[in-house]
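One structure follows; several queries about it will come next.
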Amino acid sequence: MSQKVILFLSALIVWSLFNWVPDPAHLLVGIFAAGMVALLLGDLVVERPHLLAHPRRYFYFFFQYIPVFLWEVLKANIDVARRVIHPNLPIHPGIVKVKTSLRSDIAITLLANSITLTPGTMSVDVDKDQAILYIHWIDVRSRDIGEASRIIVERFEKILRTIFEEGTGNEER
Amino acid sequence: MMHTLGLGFIAVGLAFDLFGCLGLIRLPDVYNRLQAATKCVTMGTCSILFGAFLVTGFVSAGIKALLCIVFLSLTTPVAAHAIARGAHRSGIALWSGSVVDHYADDRQEEVESSKTSS
């Protein structure tokens, strides 16, 4: 039930923002639409509602994940721009394997997204059973799975683990 | 003040979009092109949208721009991931100068083991 309520509220907030400034007619339609969405998809979107009740996780998300992410995105853009305008096109591309210790869906999704938007790397496929990500790397510095994991995923993995997995009983799995 | 800052963000965004398009032309294969396209175009477009928000302020257009930043930064990596995976599975080879391809090796093993077991 709490999953449906959370989905209903977030859908209603997004709807109201899209129809800024909210007026009664828009709100009425929004309540109806958000209610339909919540009834139909209720249990699929929010899987672990109890995680939303921890303010610590929001703190880590907004003050640790977001700044690191924005900084990496900026570095990635300058890196790509440098490679593109360099006359010799300095690239050594390849697809490498990396290992992750994250287990929950949302954490792996965010990890793959972060990898795609950070310097020189892009996730190509995820093998969830073996916790392996295949990464296209524009400048391969190591073919070894441990070394590549250390360079590519470790930084985000640590932050995402504190946000999504610590204290949920998921670590031992 | 806000207006000038917004125009600055729009200019930076346009520059990065330009680099992304240059990369789309210059880089050799679909995977490298996707890298340039996703990274530069995501940040370039987000920067343009943020500039638009600064110029317009908290009115309906500005808030829509902010929401678009969130949706864009969540969906572009997923789209790139889907395109890259689809391209690899349909047999598009990496550029000839590529160094290593663990994905193809693992897929090859998978195919062989499924052949022997059946």
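The values are calculated or read from the model by the stated rules, or taken from the named source; none is laboratory data. Keep in mind the model is a prediction, meaning the values are calculated, not measured. Virtual Cβ from ideal backbone geometry, glycine too; neighbours counted across all protein chains shown. Side chains included, ligands, DNA and RNA excluded: accessible areas come from the protein's heavy atoms. Shrake-Rupley method; radii C 1.70, N 1.55, O 1.52, S 1.80 Å.
Which one is nearest to the other protein chains (Cβ to nearest Cβ) among residues in segment B:34-51 that are over 25 Å from residue A:106 (Cα atoms) and out of contact with any Gly (no Cβ under 7 Å at 6 or more places or on another chain)?
Out of the qualifying residues, it is B:50.
Next question. Answer yes or no: is there a residue in segment A:31-46 that is of a type in the set (Phe, Trp, Tyr), away from chain B (no Cβ under 13 Å) and in a helix (DSSP H, G or I).
Yes, segment A:31-46 contains a residue that is of a type in the set (Phe, Trp, Tyr), away from chain B (no Cβ under 13 Å) and in a helix (DSSP H, G or I).
Quick check: is even one residue across segment A:8-15 free of Cβ contacts under 8 Å to residues at least 40 places away in the same chain, within 9 Å of chain B (Cβ to nearest Cβ) and open to solvent by 60 Å² or more (accessible area, probe 1.4 Å)?
The answer is no, given that none of the residues of segment A:8-15 is free of Cβ contacts under 8 Å to residues at least 40 places away in the same chain, within 9 Å of chain B (Cβ to nearest Cβ) and open to solvent by 60 Å² or more (accessible area, probe 1.4 Å).
Can you find a residue in segment B:81-103 that is acidic (Asp, Glu) and more than 15 Å from the chain's Cα centre (by Cα)?
Checked against the condition, which is being acidic (Asp, Glu) and more than 15 Å from the chain's Cα centre (by Cα), segment B:81-103 yields at least one hit.
Out of all the residues in segment B:83-94, is one or more open to solvent by 60 Å² or more (accessible area, probe 1.4 Å) and charged (D, E, K, R)?
Within segment B:83-94, one or more residues are open to solvent by 60 Å² or more (accessible area, probe 1.4 Å) and charged (D, E, K, R).
Checking residue A:161 against (1) touching a residue at least 24 places away in the same chain (Cβ under 8 Å); (2) closer than 27 Å to residue B:96 by Cα, which single condition isn't satisfied?
The single condition residue A:161 does not satisfy is (2).
Where residues in segment A:79-92 are of a type in the set (A, V, I, L, M, F, W, C) and at pLDDT below 85, which of them is surrounded by the most Cβ atoms within 10 Å (Cβ to Cβ)?
Once the filter is applied, the top-ranked residue is A:91.
For segment B:95-105, name all the residues that are at the interface with chain A (Cβ under 7 Å from one of its Cβ atoms) and open to solvent by 60 Å² or more (accessible area, probe 1.4 Å).
B:95
Conditions first: (1) touching an Asp or Glu at 6+ places or on another chain (Cβ under 7 Å); (2) facing chain B (nearest Cβ under 9 Å). Residue A:107 passes all but one, so which condition is the exception?
(2)
Within segment A:7-30, count every residue that is more than 22 Å from residue A:107 (Cα to Cα) and in a helix (DSSP H, G or I).
Number of matching residues: 16.
Let me ask something else. Return yes when residue A:63 is aromatic (Phe, Trp, Tyr) and either surrounded by 13 or more Cβ atoms within 10 Å (Cβ to Cβ) or within 21 Å of the chain's Cα centre (by Cα) (or both) and no when it is not.
yes
Report the residue count in segment B:106-118 for those that are within 11 Å of chain A (Cβ to nearest Cβ) and assigned to a loop (DSSP other than H, G, I, E, B).
0
When you scan segment A:93-173 for helices (runs of 4 or more DSSP H) that lie fully inside it, which ones turn up with 3 or more residues that are among the charged types (D, E, K, R) and open to solvent by 10 Å² or more (accessible area, probe 1.4 Å)?
Once the helices (runs of 4 or more DSSP H) in segment A:93-173 are filtered for at least 3 residues that are among the charged types (D, E, K, R) and open to solvent by 10 Å² or more (accessible area, probe 1.4 Å), what remains is A:154-160.
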